[in-house]
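The values are calculated or read from the model by the stated rules, or taken from the named source; none is laboratory data. A quick note: this is a predicted structure, and the numbers were derived from the prediction, not measured. Because the Cβ atoms are built from the backbone with ideal geometry, glycine has one as well, and the counts that use them run over all protein chains shown.
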Amino acid sequence: MTFYEQTPAARPTTILEPPISRPSDGPEASQTPIPIHNKSSSTDSAPSSNDAPPTTTTTSPKPFPLPTLRLEVRHLTHPASNLFFTSINPATVLADCLQNVLRLLYHTPQSHHFNPPPTRSVTLILRDMDGVAYTTGTDLDHDHKEIHFNLNHISNTASRSPSSNPTRVRDEIIGVITHELVHCYQWDAKHSCPGGLIEGIADWVRLNCDLSPPHWKKEVDGAWDRGYQHTAYFLQYLEDIFGPGTIRRLNEKLRHHKYHKDSFWEEQFGLGVEELYDGYVQHHEEEERKKKSC
Ligand SMILES: [Zn+2]
């Protein structure tokens, strides 16, 4: 028995073309009803304006139930601690980010796709460490998640940010939090899902929250499971080709079964992942040719 939506498998034989055109250097912002980031207004806003509620005029859908959200600052005197609090209001941003993550992974609280992992709490821990961030379960109970976020990464982002991009630090903080929150709520095929797909889904959500950092760009010279933004752009191509909800259904498929490369992609799309990726590469190259000829 399968629990994911039985979408008729598409069997394209030529280069797959998305039904809508998109800028080749990144997909548009998604239709997420609670936009975390509003570029049209944020560039001329002071950081303190982050506390303002979302300015969407559309009817907000019913919010998802949230777990207990906590914040722990392990190094309060670190310069980035102050930067963190002057860039975002964690009391609202964490909840807003999680609403967006859940909407992209599960659509609505009423959806039959809304079968998330039993995460009961998420603690964001700001500390002085290596790397950017990681998510883990607590020692006592894996359903309690901890997101460890390196304060030095926030400082480094600030020191590298051009004055022409005053919201860069804020965007990076929210982007990293969004990515890590996906890890708190995505399925992983009973721990058998390739890391590249896990990271690709996390960055696909970040991409669709309009939080991609400036250095992200489509690069098709690696394998499909290179991970992070590389796999995220490939996943966005699949979402364009096979329709909205495609990546949501992939996440649902990772809920019940162990990952087997051949059956996983064949059952969902009627094609193997290498064929799908070939189509993505060809589509990207065609877009690049069109850009050059303009
Ligand atoms: Zn990650």
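Residues of the stretch 219-236 that are in contact (Cβ under 8 Å) with a residue 40 or more places away in the chain, out of contact with any Lys or Arg (no Cβ under 6 Å at 6 or more places or on another chain) and surrounded by 22 or more Cβ atoms within 10 Å (Cβ to Cβ): TRP224, PHE234, GLN236.
Residue by residue, here is whether (1) within 15 Å of the ligand (Cβ to nearest atom); (2) within 15 Å of ILE173 (Cα to Cα); (3) surrounded by fewer than 13 Cβ atoms within 10 Å (Cβ to Cβ) holds:
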position	(1), (2), (3)
PRO90	no, yes, no
LEU98	no, yes, no
ARG103	no, no, no
ALA133	yes, yes, no
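Cβ-Cβ distances below 9 Å connect the following pairs, each with a first residue in the stretch 155-177 that is over 18 Å from GLN229 (Cβ atoms), a second residue that is modelled with pLDDT under 95 and among the hydrophobic types (A, V, I, L, M, F, W, C), and a separation of six or more residues or different chains: PRO166/ALA46. Condition check: of a type in the set (Asp, Glu), loosely packed, with under 14 Cβ neighbours inside 10 Å and free of Cβ contacts under 8 Å to residues at least 24 places away in the same chain. Does ASP139 satisfy that? Yes; evaluated as a whole, the condition is true for this residue.
Of all the numbered requirements in (1) more than 16 Å from the ligand (Cβ to nearest atom); (2) part of a loop (DSSP other than H, G, I, E, B), ARG249 misses one, and that requirement is (2).
The rows are residues; the columns are (1) surrounded by fewer than 18 Cβ atoms within 10 Å (Cβ to Cβ); (2) away from the ligand (no atom under 13 Å from the Cβ); (3) part of a loop (DSSP other than H, G, I, E, B).
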{"residue": "LEU181", "(1), (2), (3)": "no, no, no"}
{"residue": "ALA189", "(1), (2), (3)": "no, yes, yes"}
{"residue": "SER192", "(1), (2), (3)": "yes, yes, yes"}
{"residue": "GLU199", "(1), (2), (3)": "no, no, no"}
{"residue": "ALA202", "(1), (2), (3)": "no, no, no"}
{"residue": "ARG206", "(1), (2), (3)": "no, no, no"}
{"residue": "PRO214", "(1), (2), (3)": "yes, yes, yes"}
{"residue": "LYS217", "(1), (2), (3)": "yes, yes, yes"}
